[in-house]
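First up is the structure itself, then whatever we jot down about it.
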Amino acid sequence: MPAPPESPPPVTRRVVALVSGTVQGVGYRWFVRGRAEAADLAGSATNLPDGRVEVVLEGPGAAVAGVLADLDGPRAPGAVTRVDVRDEAARGAAGFTTA
């Protein structure tokens, strides 16, 4: 009996999401970090001077999509009014940081 074909490796995706609303001082970055680490994603969550949070996620495409869906989901702290997402070339990031 021949061996089953191997699955191709998951496609790595990197996104930068700018999250607007009441997202600073409410535990939002820590929420994102928890979701990203649970999905084994690399990246960061950073407060911006204009009140937004910049979220960078990198890893398997399906996992990135899942965490993106959570950014303005019902369990997200604060009040998210908008999420603008752009794709970037993957950089081989490791770990997740907050700033």
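Just so it is clear, none of the values below were taken in a lab; they were calculated from the coordinates. The structure presented is a predicted model; accordingly, all values stated were derived computationally and were not measured. Ideal geometry is used to build each Cβ from the backbone, glycine not excepted, and the neighbour counts take in all protein chains shown.
Values computed for the structure shown
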item: Selection from GLY78, ALA90, PRO60 lying farthest towards where the dipole of the chain points positive, charges on Cβ; result: GLY78
item: Rg/Rg_globular for the chain, with Rg_globular taken as 2.2 N^0.38 Å and Rg from C-alpha atoms; result: 1.19
item: Among 56-64, 21-29, the order from most to least packed when residues are scored by Cβ within 10 Å on average; result: 56-64, 21-29
item: 0 to 90° range, to nearest 10: angle between helix 61-70 axis and the chain longest Cα axis; result: 30
item: In order through region 94-99: 3J(HN,Hα) via Karplus (6.51 cos²θ - 1.76 cosθ + 1.60), integer Hz, x for Gly, Pro; result: 9, x, 10, 10, 10, 8
item: Net length gained if the chain between ALA90 and GLU37 were fully extended (0.36 nm per residue, minus Cα distance); result: 17.3 nm
item: Point-charge dipole on Cβ atoms (K/R +1, D/E -1) for region 33-99, about Cα centre, debye to 20; result: 140
item: Amide H partners (placed H, <5 Å) of GLY21, local residues excluded; result: THR81
item: GNM top mover of ARG75, ARG14, ARG35 - the chain, alpha-carbon springs below 10 Å; result: ARG75
item: Sequence-distant residues sharing a close amide H with ARG13 (under 5 Å, placed H); result: GLY59, GLY61
